[in-house]
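Report on the structure given below.
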Amino acid sequence: MDPKDRCNLYREGRGFFLKFFLKCNQNCLKNAGNPRDMRRFQVVVSTTVSVDGHVLAVSDNMFVHNNSKHGRRARRLDPSEAATPCIKAISPGEGWTTGGATVIVIGDNFFDGLQVVFGNVLVWSEVGHSRQSPSQPGAGPCPHRLITPHAIRVQTPPRHIPGVVEVTLSYKSKQFCKGAPGRFVYTGKESGG
């Protein structure tokens, strides 16, 4: 057994148990090895490093199977199929109608490419880059960055009138959080005297 392989000793009830994580170090070419020559192992517990010493216990034969999928390409999962992203909070929860406020959208199951929608304005971007929002020509770039799977930093798009907008998420035209959207309050600047 390779010394890098893991072995755990744990106690359950009145007994001690050893749990081994074995891996087959055979190459992973198609039809590698001889399937008739099964890879069988035994675990020996001894008082010495050598198995020639005093043996305390010997396990039954164990077969270790290399579970690789030879020659198959892994199917790339659409990240939105894994777990549904949802919004828990937006901080700060309000900003000026002029837009450009940096807010953090907090939630679960965020991933690269997920986009934030303020009302019906999609905040376009690639992680760490800026792009023009196609629904607001001339509105300027709306940078957005995935911080963690639980936080996205985004700049709010401008809005013509004050009020509350629903904040949802989108990925490849698929909408998320429609049933439980976040909320952002746009406030107008009061003219000072």
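Numerical summary
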| read-out | value |
| --- | --- |
| Residue tally, condition closer than 11 Å to I152 by Cβ, hydrophobic (A, V, I, L, M, F, W, C) and in a strand (DSSP E or B), over the stretch 95-121 | 5 |
| Subset of the stretch 172-193 (residues that are under 20 Å from N109 (Cα atoms) and surrounded by fewer than 17 Cβ atoms within 10 Å (Cβ to Cβ)) | K172, S173, K174, Q175, K178, G179, A180, R183 |
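Just so you know, all these numbers are worked out from the coordinates, no wet-lab data involved. The shown structure was predicted, so the numbers you read here are calculated from the model rather than taken from an experiment. Counting neighbours? That spans all protein chains shown, and the Cβs are built from the backbone with ideal geometry, glycine included.
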